[in-house]
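I have a structure here, written as structure tokens, and I will follow up with some questions on it.
The values are calculated or read from the model by the stated rules, or taken from the named source; none is laboratory data. The structure presented is a predicted model; accordingly, all values stated were derived computationally and were not measured. Virtual Cβ from ideal backbone geometry, glycine too; neighbours counted across all protein chains shown.
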Amino acid sequence: MLESIVFYTLAACILGFGVLVVTSRNTVHSVLFLVANFLCVAVVYVVLAAEFLAVIQVLVYAGGIVVLYLFVVMLVNLKRPPEAPLDRRRQSRLGFLLAGAVLAEITAILAYTATRPPPVAGGVEGALTAGGNTKVVGMLLYTDYLVPFEVASILLLVAMIGAILLAKKEFN
């Protein structure tokens, strides 16, 4: 009963902070509500006895990603009107090229998962008793979920490059 009350209270806080992130007019306040949201999600992980995921949630999301958001908010001048693009044809070609690359990646991931043999039953339970929560996450991350892990790392790299390009004053 107590676990249900804690879970539903945390779920209400997560939902409330999520709404405040979207509806806040001040971007810095929006980022602070996002930090509170990430911390509530970390507490949910602690309640579910996934301490490793809670620590990763705090370090990666509440630490690194939010700092990236704050740098983007501070470096991009939000009062300036958007600039008109110089050549629309170049951007559309680039957009089609990137859309094709994403479509090829999704097709490769689907083909890989369709040809992969099904996982062995009981593998996670045995590893959970032998090495704990962290060992299970590590084994699954680098065996069954290696391709999604690499795709996520590529997406983070693209986001970092995009933030650098937004912060740059003029393109050469």
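Restricting to region 53-76, what's the tally of residues that are surrounded by 16 or more Cβ atoms within 10 Å (Cβ to Cβ) and over 22 Å from A159 (Cα atoms)?
2
Any idea which of Y45, Y61 is in a helix (DSSP H, G or I), at pLDDT below 85 and closer than 26 Å to V21 by Cβ?
So the residue among Y45, Y61 that is in a helix (DSSP H, G or I), at pLDDT below 85 and closer than 26 Å to V21 by Cβ is Y61.
Condition check ((1) of a type in the set (V, I, T); (2) at pLDDT below 80; (3) within 14 Å of the chain's Cα centre (by Cα)) across all residues:
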site	(1), (2), (3)
L53	no, no, yes
Y69	no, yes, yes
R80	no, yes, no
L94	no, yes, no
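Filter region 15-32 down to the residues that are part of a helix (DSSP H, G or I) and either farther than 17 Å from Q57 by Cβ or more than 16 Å from the chain's Cα centre (by Cα) (or both) and list them by number. Reasoning before the result, please.
Looking only at region 15-32, we keep the residues that are part of a helix (DSSP H, G or I), and these are 15-23, 27-32.
Correct list: L15, G16, F17, V19, L20, V22, T23, T27, V28, H29, S30, L32.
Moving on. Scan region 91-114 residue by residue and report those that are of a type in the set (S, T, Y) and over 27 Å from D144 (Cα atoms).
Scanning region 91-114 gives a single hit, S92.
Same structure, new question: State yes or no: is V6 modelled with pLDDT of 85 or more and part of a helix (DSSP H, G or I)?
Yes.
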